[in-house]
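Asker: Here's a structure for you.
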Amino acid sequence: MKYLALVYYDEKLMEQKSQEEWDVLNQECISCVEDLSESGHYITGSPLMPTSSATTVRVRDKRTTVTDGPFAETKEQLAGFYMLEAKDLNEAIALAGKIPPARYGSIEVRPARDLVEHGQPSMAYVDRPVEPEIIQ
C-alpha cells in the first residue's frame, strides 16, 4: 500500500542552520532515500522550496483566484514529501521515523488511495498502529 509521508518543520528555525548543518542534513536525506530505494519502499519524493515561494489557487463558482503564499499560517510548514510503499501503517510509521528532518519537526503519514473512474471509494480507514505512542 502507498503512504505519503509529509515532512513538516518550522522554517524560521531551519533558517538559523549553518551551511554545514544543511549539508549534513542533505547528505542524511540522500542516504535515507538510497536506503529506502534499496529496500523497495521508496516511490518518489522531493524537498520543497520555502513557503515564501508558494502560490495558492482557489476555484469558486468557476472563477479562479490566485494568492501569494501558503493557504494557512502554521507553526510548522510543509517542507517536502516521501511517497512510500509499505505493507501496513505500522511499517509506514517505522519508515517515516527514519526520515532525517523528523528530528526538527514532524512527519505526517497518510495512506494514499486510488482514483476510481466510477463510484466513490471508501473514505473510511481502519488501519491503526498497534502501539501509537512509540514505535521504534
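Asker: Quick one: length gained pulling Lys62 to Val33 fully straight, 0.36 nm per residue minus the C-alpha distance?
Answerer: Difference between extended and current length: 6.4 nm.
Asker: Scan the chain and hand back the longest stretch that contains none of the trypsin sites (Lys or Arg not before Pro) lying in DSSP loops with at most 14 other Cβ atoms within 10 Å.
Answerer: It runs 18-61.
Asker: I'd like the carbon and sulfur percentage of the solvent accessible area for the range 1-96, probe radius 1.4 Å, heavy atoms only, ligands and nucleic acids excluded.
Answerer: Ligands and nucleic acids excluded, carbon and sulfur give 54 percent.
Asker: Work out the charge dipole of the chain with +1 on the Cβ of Lys and Arg and -1 on the Cβ of Asp and Glu about the Cα centre, then indicate which of Gly40, Met83, Pro100 is farthest towards its positive end.
Answerer: Going by the charge dipole, the pick is Met83.
Asker: List the GluC sites (Glu not before Pro) in the range 12-92 that DSSP assigns to loop (not H, G, I, E or B) and whose Cβ has at most 11 other Cβ atoms within 10 Å. Which are they?
Answerer: Glu73
Asker: List, largest first, the extents of the alpha carbons of the range 1-99 along their principal axes, each in whole Å.
Answerer: Projected onto the principal axes, the Cα atoms of the range 1-99 cover 45, 37, 19 Å.
Asker: Sticking with this one: Suppose each label sits 7 Å from its Cα in the direction of the beta carbon; what would the Thr55-Asp23 distance come out to in nanometres?
Answerer: Those two pseudo-labels are separated by 3.5 nm.
Asker: Also: How many Å² of accessible area per residue for the range 1-123, probe 1.4 Å?
Answerer: 70
Asker: State which stretch of the chain is the longest one without any exposed chymotrypsin sites (Phe, Trp or Tyr not before Pro), exposure meaning a DSSP loop state and at most 13 other Cβ atoms within 10 Å.
Answerer: 1-70
Asker: Let me ask another. Calculate the spin-label point distance for Glu117 paired with Arg103, positioning each point 7 Å from the Cα along the beta-carbon direction, and give it in nanometres.
Answerer: With each label placed 7 Å out from Cα toward Cβ, I get 4.9 nm.
Asker: Aspartates and glutamates near Lys75 by alpha-carbon distance under 13 Å, same-chain residues fewer than 8 away left out - which ones?
Answerer: Asp10, Glu11
The values are calculated or read from the model by the stated rules, or taken from the named source; none is laboratory data. All values derive from a computational prediction rather than experimental measurement. No Cβ is skipped: glycine too gets one built from the backbone with ideal geometry, and neighbour counts run over all protein chains shown. Note: areas computed on protein heavy atoms with side chains; ligands, DNA, RNA excluded. Shrake-Rupley method; radii C 1.70, N 1.55, O 1.52, S 1.80 Å.
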